[in-house]
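Input: a single structure, listed below in structure tokens.
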Amino acid sequence: MNPVNYLYLAALLFTIGAAGVLIRRNAIVLFMCVELMLNASNLALVTFSRLHGTLDGQIIAFFTMVVAAAEVVVGLAIIVSIFRTRHSASVDDSNLMKL
Amino acid sequence: MSALLSATCAVPAAGAVLTAALPAGSSESRRRATKAVALGVSAVTLVLAAVVAARFEPHGDRYQLTESYSWIRSFGITFSLGVDGIGAVLALLTAVLVPMVMLASWHDADPGPAGPDGTFENRRRTQAFFALILAVEAMVIVSFYATDVFLFYVFFEAMLIPMYFLIGGFGDRAGGPESARQRSYAAVKFLLYNLLGGLVMLAAVIGLYVVAQDQGFGTFDLPTLASAVADGKLQLSGTAEKALFLGFFFAFAVKAPLWPLHTWLPNAMGEATAGTAVLITAVVDKVGTFAMLRFCLGLFPHASKTFAPAILVLALVGIVYGALLAVGQKDIKRLVAYASISHFGFIIMGIFALTSQGQSGATLYMVNHGLSTAAWMLVAGFLISRRGSRLIADYGGVQKVAPVLAGTFLIGSLATLSLPGLAPFVSEFLVLVGTFTRYPAIGIVATFGIVLAALYALLLYQRTMTGPVKDGVRTMPDLKARELAVVAPLVALTVLLGVYPKPLTDLVNPSVNATLSQVHETDPAPAHPVAATSGGEQK
Amino acid sequence: MTSYLAEATGTTSTGEAVQFWVLAVIAVGGALGMVLMRRAVHSALCLAATMLALAVCYMAQGAVFLGVVQIVVYTGAIMMLFLFVVMLVGVTSEDSLKEQLKGQRIAAALCGLGFGVLLIAGIANARLDHFTGLSEANAEGNVPGLARLIFTRYVWAFEVTGALLITAAIGAMVLTHREHVKAPKTQRELAAQRVKDNIQLPPLPAPGVYARHNAVDVPALLPDGTIAEDSVMATLRERGQIRDVSQAMLQRMAELENSTADWLGRPSSERPAVTGPRKSLEQVAANGRDGQADEEGVE
Amino acid sequence: MNSLIPLLVAAPLAGAALLLLGGRALDRFGHWLATALAALSFGFGLALFSDLLGRDAEHRTVTKHLFSWIPVNGFQADFTFRLDQLSMTFVLLITGVGTLIHLYSVGYMAHDERRRRFFAYLNLFLAAMLLLVVADNYLLLYFGWEGVGLASYLLIGFWQHKPSAATAAKKAFIVNRVGDMGLSIAIMLMFAEFGSFAFGPILGSEGAAGGAHQASEGKLTAIGLMLLLAACGKSAQVPLQSWLGDAMEGPTPVSALIHAATMVTAGVYLITRSSAIFDLAPDAQTAVVVVGAVTLLFGAIVGCAKDDIKKALAGSTMSQIGYMVLAAGLGPIGYAFAIMHLVTHGFFKAGLFLGAGSVMHGMNDEVNMRHYGGLRKYMPVTFVTFGLGYLAIIGFPGLSGFFSKDKIIEAAFAKGGTEGWILGLCALVGAAVTAFYMTRVMVLTFFGEKRWQPDEEGNAPHPHESPKTMTVPMVLLAFGSVFAGGLFAFNDSFLKWLEPVTGHEEGNSPLAPLTVTLLTTACMLAGVALAYLVYGRSPVPVVPPVGSPLTRAARRDLLQDDFNHAVLVRPGSALTATLVYFDSRGLDGFVNGLAATIGGLSGRLRRVQNGFVRSYALSMFGGTLVLVATTLLMRSV
């Protein structure tokens, strides 16, 4: 088997995650989809690392994880505070950005 | 390098800041102090502008009292001021008119009693109004004195801002919400039209710099550029010159305004206070025609010649069209606005006839139109403020109850229709003669304008001032001392310049001749010249 | 775990291939499950499965440290955080199936499909028949190798990441923190307020009173057998997660009466009728979700 | 002596300025001040006249340069005055008649609360008219030309509270403006042709030929036609005649001074002054005589039909000026007679108007002659002076009009050829008609039974003779009407006086002078007889009979207003309305439409910004997709 297959897997997962972001309305699930996309890219990075024989890919994947953690923390905090005020976690309910 | 010019510009600018910073308050004494300060500043400006005109040596250099301070060195932009006869005269006109406008608008910006709907009245209204007028004055004077193309552009555009607020923020009190809506429409229209023009001009200004820099003239200095163009050192290709000319001309034509770019003027003049309307038509718009004379002709002589016939036709259409529309108006202020459009047609015609009579006439026309329209419009404003209506049909028989008001209004009307003995006649006739010697057909058709002018001016007078006294007019008071103090100097100047315009022509003629020589144009020679001595020999 | 030893060729070991296919199926299945499950909690569980599968993939590719971090931090910490929030928002809350944005689903599917095709085509076009492998890079062990890089070449990024984490933590606190605009009311003031408002003067009833159980989501029963909604905490009320047991209680009472009557041998005519405010109960029962919860509760 | 010329103008101008600016303080004696200043101006005129008489006949042109008015390179307009025999004649006429009419107005306007203003305007008129005749160049003449137009506007509309007066004033000004257009175009043509528009260089002076000789005939014809247009406007000649009848809305002294004696004759002055141009442009001259002939008949016919005494006199004025224009168009054979008739007409027509004013004064401002009758007993002085004026105008032998009109008719025949016959016959017919309508006026007013009736408020008029201030000027003018013609004709003194300026030739008349005189007298007597037969022998109906179509048309000023209304006013207002619509809907509509289109487009586009995060995410994702696809495509290409 060629490790390229890992890349295919990553592409697939990324696409599923992206589609999920577009389809789901629950903010929490939305976040999960984003996490999935990040994980997919991590997988690709790890695979690249293996393909190139250097560890830089893994380092970047590591940083991605850290940033993802930070993002989740802030994002969930936002969701919680939105839920407090609007009693809903649906992103469609927050369309106040409209002109 | 004397700082006279910059002082003339700086005084009203500083006055604007000072006026705006004066303590606000609804008390009458505070407001009076504000007005007094503003009036004082404008009087000082008048003195300075008069000194400039007096110190200008008609037969000296083209630009005098020059000053130059570096500004944006990398683009060759400087803060350069200099004055020629035309600029000196027009700046003086501005400085004369602004105190008049202030006096005439003395109570226009007072915060009125709170409306029935509890409308919010800005407590700084008075300060704002007078500060804005001073700001306009400063910017207009800089425009007249600027000898740097970029500097001119900046102030040409910047004066839109205070004008926008003057039009949109202050108007007839009586109108109510509908009038406020109309006013804001007028202000936005004014701004959009002029911004569009300015935008096109900006492109042309940049284009000029690029083209000039290619040939080693990386500067915005007008005298340098103009003399390089005249000497052939700076050669613009035909297409480039035409495009740049049109870019500049478009902006000036919008501001002037030239038919068919005029439609913002009736709205703006109709909705603004009479004082603001005078500022628009007598002061700000003059920058447009002035700039045609100074920039279009000076920088693009060949294109000016190429486009002159087309522009003359547009101006001609404007003359007749404006006059015809003035005849058909129902609103006094809009009528004055359309009359002004007709007059601006004459001014532009005089400029592009490319004869010394035409251009001297056009320059005098700017001055005379400023004075006469100011008188006419301000008296109309006094009339409107008494009755609270702009509709001609609401008036009648004013002559009976307020003879002085009617008399001054008649003089304004007569000046508008260019009666000999009043200043506008001199300029209008010069423009007609100047046009006729080069383009007889256009000159003849333009002459119809004087018949139409009589029609709209006298029709307005007849409908408002004569006949049986209408109900709303019966208790109308005559002109008060303050109002008389506004009108009397204007009327006196109009008469004086109608009978003895020589001081002005002496200032203007050399500059006009210089402009004409830039365009490589001379007056057409008469077919059978006769001895120029006038009259038979004296016995 | 030994697969990376036999590398520096065009292919991997068969073991890894088998492992990959198994993990790939789990990962894709988890991902699809996450997107398609209606309840957030199920989605979270599916995502956890995917992440675990990915963790194994990392390890299989010589990223041992990352694999562990994935399990500990992601699956362990982040997913738990998700679950907490899911709990807070409501475990049983789910998306309705109705899409509100016109064409959103079809467009999303098309975009996803297109994007997938593009990515896969891109990868397929790349010349990737040879790979280096990590045996050399991992010679002194994966963790020391990473550590060397992190503290040398990427030390600046690492420090910035630290700052980011702290910022995020503070940000989360700020976002969820409720600022007291006024000084909090004392108990005395609250009591005074209650008297003044005169809405609920006595203390709220405790949940489960007179009910069969005293779980927090079981409302107390009033003397007439109806439920006292006030006895359940506000969050549950808001989510509609009240377990109404009133009817079951009444049934049970009736059964008791019946059995007593049986035991006493009373004729059926003398037995007391099963009484109660039927109407209000029917109303409660008609309330869809509550009715469901009710049934579950009865079991 | 030259410095008196500016004073000539300055005296009445100062009067006007003083009276207008002086305010109420001058109400009590302002009218006397104005009269005194007019008289002062007349005094200056006399002094200058005696000075001119003291000079050699060939050197009677005097100029006075005041200051440079509009100097722009080649365009040099100066404030220079020129006094020669022609100007002098006018100066004396204007100041003389003007002073008398000032005096008359003192009585006539005694009860008007705005009397001060009236006298200010009168003085303003005198100043402008004097400026017109003593100007040394066409532009300065234009100054005076429009100045008299302004004064005429102010005076016609003096009773501004009457809408008819205000309308008439405006109409007069605007019709005059059309003529002024001609004058300004003529000046432009001169400037383009000669580089000057001063009299001396163009027209020549004192024997020296002017520049006009060098110019092509076409150019001269154009200039001449434009000058004729100007003259038509000011002198109420066909086709710009329509304003004169309406101008009678003004106070009667105004009608006498401005619309009979002086201002309306300015056109004749202009043509005579420009004789050097017209002499070289025969086509223009033909146009002038045609205009004159048409107008003299036109005015006469209108005069026959009017019942309003002032309008009848206005028609007569038009007709008499037609005679003058006709004479001026004949060239050197007619110039002097045109001016002579102008002067005599100034006397008798001013006298007639003053008489009419006196009648109105006594009749509660009634103007309808059908409500007069038998007034000779009530107003003897008015009757006598009016009667002398009447005899003068119909050309009764021995009186002023006889000498001047007879000469014109003679000159018309002297034009020679068919032209001469046509013009001469026109003039003869005109003389007959003149006699007819003037007799009609005379009979209706002073003879027959009294027909006056109480007005709406029931006040029956009590006809009475006017005060001394009014009768004295009438008497003086009557003297002029009687004797001026004879004086001028005696020894051809007037002809000799003017000849150095206008030149003179004897034409070759196909008829002997005596024949013409007899013919004229016969025509006149026929006219008188006919009028007496129609109006004198039977009672005059108070309500005018329907009359023939010609009469009805003549009552409506031969449909001139209807014509103007149909051809100019109505299409004009339609055009204006269309343009107003076009401006707001067309030009503005185009711009507003552009704005609305852009606004609409952005409104559509705005819907994309629906506020849904997922929608934004979709567009981001779509954008990414496109970018990636493009990148890949680019790489593969």
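The values are calculated or read from the model by the stated rules, or taken from the named source; none is laboratory data. Treat the numbers as computed from the prediction; the structure is a model and nothing was measured. Glycine also receives a Cβ, built like all others from the backbone with ideal geometry; neighbour counts cover every protein chain displayed.
The lone criterion from (1) buried (at least 24 other Cβ atoms within 10 Å of the Cβ); (2) more than 30 Å from residue B:228 (Cα to Cα); (3) touching a helix residue (DSSP H, G or I) at 6+ places or on another chain (Cβ under 6 Å); (4) touching a residue at least 60 places away in the same chain (Cβ under 8 Å) left unmet by residue B:325 is number (4). Restricting the stretch B:463-497 to residues that are within 9 Å of another protein chain (Cβ to nearest Cβ) and surrounded by 22 or more Cβ atoms within 10 Å (Cβ to Cβ), the residue that is farthest from residue B:106 (Cα to Cα) is B:467. Please work out if residue B:204 is surrounded by 18 or more Cβ atoms within 10 Å (Cβ to Cβ) and under 25 Å from the mean Cα position of the chain (by Cα). The answer is yes for residue B:204.
Say we look at the stretch C:168-194 and pick out the residues that are assigned to a helix (DSSP H, G or I), of a type outside the set (A, V, I, L, M, F, W, C) and loosely packed, with under 13 Cβ neighbours inside 10 Å; which of these is nearest to the chain's Cα centre (by Cα)?
C:187
Only one of D:567, D:528 is aliphatic (A, V, I, L, M) and in contact (Cβ under 8 Å) with a residue 40 or more places away in the chain. Can you tell me which?
It is D:528.
Among the residues of the stretch C:129-143, are any closer than 28 Å to residue A:17 by Cα and either in contact (Cβ under 8 Å) with a residue 12 or more places away in the chain or part of a helix (DSSP H, G or I) (or both)? Yes.
One line per residue, one yes/no per condition, for (1) of a type in the set (S, T, N, Q); (2) more than 7 Å from chain C (Cβ to nearest Cβ):
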{"position": "A:16", "(1), (2)": "no, no"}
{"position": "A:27", "(1), (2)": "no, yes"}
{"position": "A:41", "(1), (2)": "yes, yes"}
{"position": "A:52", "(1), (2)": "no, no"}
{"position": "A:58", "(1), (2)": "yes, no"}
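If you go through the stretch D:546-563 and keep only what is among the hydroxyl-bearing types (Ser, Thr, Tyr) and within 20 Å of residue D:168 (Cα to Cα), you end up with nothing. Considering the conditions (1) within 19 Å of residue C:63 (Cα to Cα); (2) more than 7 Å from chain C (Cβ to nearest Cβ); (3) crowded, with 23+ Cβ neighbours inside 10 Å, residue A:47 is excluded by exactly one of them, (2). The set of residues from the stretch D:279-310 being closer than 19 Å to residue D:265 by Cβ and among the charged types (D, E, K, R) comprises just one member, D:310.
Residue D:215 passes every criterion in (1) over 21 Å from residue B:432 (Cα atoms); (2) more than 12 Å from chain B (Cβ to nearest Cβ) apart from (2). Note on the stretch B:207-226: residues that are more than 22 Å from residue B:288 (Cα to Cα) and either more than 30 Å from the chain's Cα centre (by Cα) or among the small types (Gly, Ala, Ser) (or both) total 9.
The helices (runs of 4 or more DSSP H) found wholly in the stretch D:526-627 and carrying at least 2 residues that are under 28 Å from residue B:188 (Cβ atoms) and not β-branched (Val, Ile, Thr) occupy D:570-581, D:588-606. Residues of the stretch B:463-473 that are over 23 Å from residue D:169 (Cβ atoms) and touching a residue at least 12 places away in the same chain (Cβ under 8 Å): B:472 alone. Just to be sure I understand, how many residues within the stretch C:108-128 are more than 7 Å from chain A (Cβ to nearest Cβ) and surrounded by fewer than 18 Cβ atoms within 10 Å (Cβ to Cβ)? Number satisfying all stated conditions: 10.
Taking the stretch B:60-92 as the region of interest, how many residues are within 30 Å of residue B:130 (Cβ to Cβ), in contact with a strand residue (DSSP E or B) (Cβ under 8 Å, 6 or more places away or on another chain) and either among the β-branched types (Val, Ile, Thr) or not in a strand (DSSP E or B) (or both)? Break it down stepwise before answering.
Within the stretch B:60-92, the first condition is being within 30 Å of residue B:130 (Cβ to Cβ), and the residues that meet it are B:65, B:67, B:69, B:71, B:79-83, B:86-92.
Okay, now just the ones that are also in contact with a strand residue (DSSP E or B) (Cβ under 8 Å, 6 or more places away or on another chain), so B:65, B:67, B:69, B:71, B:79-83, B:91.
Filter once more, so that each one left must be either among the β-branched types (Val, Ile, Thr) or not in a strand (DSSP E or B) (or both): B:83, B:91.
Result for the stretch B:60-92: 2.
If I ask for residues that are closer than 25 Å to residue A:92 by Cβ and surrounded by 13 or more Cβ atoms within 10 Å (Cβ to Cβ), which ones from the stretch D:581-608 would you list? Correct list: empty.
Kindly check whether there is at least one residue in the stretch D:548-567 that is among the aliphatic types (A, V, I, L, M), within 29 Å of residue B:270 (Cβ to Cβ) and under 32 Å from the mean Cα position of the chain (by Cα).
Step one: filter the stretch D:548-567 for residues among the aliphatic types (A, V, I, L, M), giving D:550, D:553-554, D:558-559, D:566-567.
Checking which are within 29 Å of residue B:270 (Cβ to Cβ) leaves us with none.
Checking the stretch D:548-567: not a single residue is among the aliphatic types (A, V, I, L, M), within 29 Å of residue B:270 (Cβ to Cβ) and under 32 Å from the mean Cα position of the chain (by Cα).
Tell me, which residue of the stretch C:70-92 that is more than 7 Å from every other protein chain (Cβ to nearest Cβ), crowded, with 17+ Cβ neighbours inside 10 Å and under 18 Å from residue C:39 (Cα atoms) is modelled with the lowest pLDDT? Per the stated criteria, the residue is C:90. Among the residues making up the stretch B:514-527, those that are crowded, with 18+ Cβ neighbours inside 10 Å and facing chain D (nearest Cβ under 8 Å) are B:523, B:526.
Any residue at all in the stretch B:37-59 that's in a helix (DSSP H, G or I), out of contact with any Ser or Thr (no Cβ under 9 Å at 6 or more places or on another chain) and buried (at least 24 other Cβ atoms within 10 Å of the Cβ)? Scanning the stretch B:37-59, I find at least one residue that is in a helix (DSSP H, G or I), out of contact with any Ser or Thr (no Cβ under 9 Å at 6 or more places or on another chain) and buried (at least 24 other Cβ atoms within 10 Å of the Cβ), so the answer is yes.
Any idea which of B:174, B:95, B:138, B:109 is modelled with pLDDT under 90, surrounded by 24 or more Cβ atoms within 10 Å (Cβ to Cβ) and out of contact with any strand residue (DSSP E or B) (no Cβ under 9 Å at 6 or more places or on another chain)? Steps first, please.
On the way: B:174 fails: surrounded by 24 or more Cβ atoms within 10 Å (Cβ to Cβ); B:95 fails: modelled with pLDDT under 90; B:138 fails: modelled with pLDDT under 90.
Answer to the check: B:109.
In the stretch D:68-86, how many residues are within 7 Å of chain B (Cβ to nearest Cβ) and either free of Cβ contacts under 8 Å to residues at least 24 places away in the same chain or acidic (Asp, Glu) (or both)? Write out each step before concluding.
Step one: of the stretch D:68-86, the residues within 7 Å of chain B (Cβ to nearest Cβ) are D:68, D:70-76, D:78, D:80, D:82.
This time we only want the ones that are either free of Cβ contacts under 8 Å to residues at least 24 places away in the same chain or acidic (Asp, Glu) (or both), so: D:68, D:71-73, D:78.
Of the residues in the stretch D:68-86, 5 are within 7 Å of chain B (Cβ to nearest Cβ) and either free of Cβ contacts under 8 Å to residues at least 24 places away in the same chain or acidic (Asp, Glu) (or both).
Being part of a helix (DSSP H, G or I) and away from chain D (no Cβ under 14 Å) is true of residue B:202. The residues in the stretch D:95-137 that are touching a strand residue (DSSP E or B) at 6+ places or on another chain (Cβ under 7 Å) and part of a helix (DSSP H, G or I) can be counted, and the count is 1.
Against the condition of a type outside the set (D, E, K, R) and under 26 Å from the mean Cα position of the chain (by Cα), how does residue B:451 come out, does it pass? Yes: the conditions hold for residue B:451.
Okay, residues lined up against (1) more than 24 Å from residue D:618 (Cβ to Cβ); (2) among the polar types (S, T, N, Q); (3) surrounded by fewer than 21 Cβ atoms within 10 Å (Cβ to Cβ):
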site: A:23; (1), (2), (3): no, no, no
site: A:29; (1), (2), (3): no, no, no
site: A:33; (1), (2), (3): no, no, no
site: A:52; (1), (2), (3): yes, no, yes
site: A:70; (1), (2), (3): yes, no, yes
site: A:81; (1), (2), (3): yes, yes, yes
site: A:84; (1), (2), (3): yes, no, yes
site: A:89; (1), (2), (3): no, no, no
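If you go through the stretch B:372-419 and keep only what is part of a loop (DSSP other than H, G, I, E, B), surrounded by fewer than 21 Cβ atoms within 10 Å (Cβ to Cβ) and charged (D, E, K, R), you end up with nothing.
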